Amino acid sequence: MVRSRYRSALFPTSDAQRIAAEQGIARAAAELSKPLVTKLEPLAEWYAAEDYHQNFWEKEGQENAFCMMNIPAKLQKLRNKFPKQASYA
């Protein structure tokens with residue numbers, strides 16, 4: 001179970017973005033053996049997170065056991081699937 005605090009969500013700013021997101025979610029869901037948990041949410045007022053949350057992966061995430069168990073493999077999958085869009089900087 002993915003708790004709502006840590007789930008992924010997209011906040012489209014237009015109908016075109018919403019449609020593209022729905023299509024992308026459908027494509028990804030067709031390739032997965034487990035349910036896709038990314039949700040589309042209406043865009044509401046947004047606040048930037050506190051400074052200590054910014055760039056967490058670069059600052060602390062690579063020393064966090066939970067992150068190290070989950071993120072590197074996901075990043076590699078993304079880099080393999082979308083090599084032109086992947087940023088290695």
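The values are calculated or read from the model by the stated rules, or taken from the named source; none is laboratory data. It should be emphasised that the depicted structure is a prediction, and the values quoted were computed from it without experimental measurement. Methodologically, a virtual Cβ is constructed for each residue, glycine included, from the backbone with ideal geometry; neighbour enumeration extends over all protein chains shown.
Screening R7, R18 for residues that are surrounded by 10 or more Cβ atoms within 10 Å (Cβ to Cβ), within 17 Å of the chain's Cα centre (by Cα) and not in a helix (DSSP H, G or I) leaves exactly one candidate, R7. If the condition is being in a helix (DSSP H, G or I) and either basic (K, R) or assigned by TED's automatic domain parsing to the domain that holds E31 (or both), then region 59-89 contributes K59, K74, K77, R79, K81.
Scoring F82 on the criteria (1) in contact with a helix residue (DSSP H, G or I) (Cβ under 7 Å, 6 or more places away or on another chain); (2) closer than 27 Å to R18 by Cβ; (3) of a type in the set (F, W, Y) leaves a single failure, condition (1). You will find that of A28, A21, the residue that is under 17 Å from K77 (Cα atoms) and aliphatic (A, V, I, L, M) is A28 and no other.
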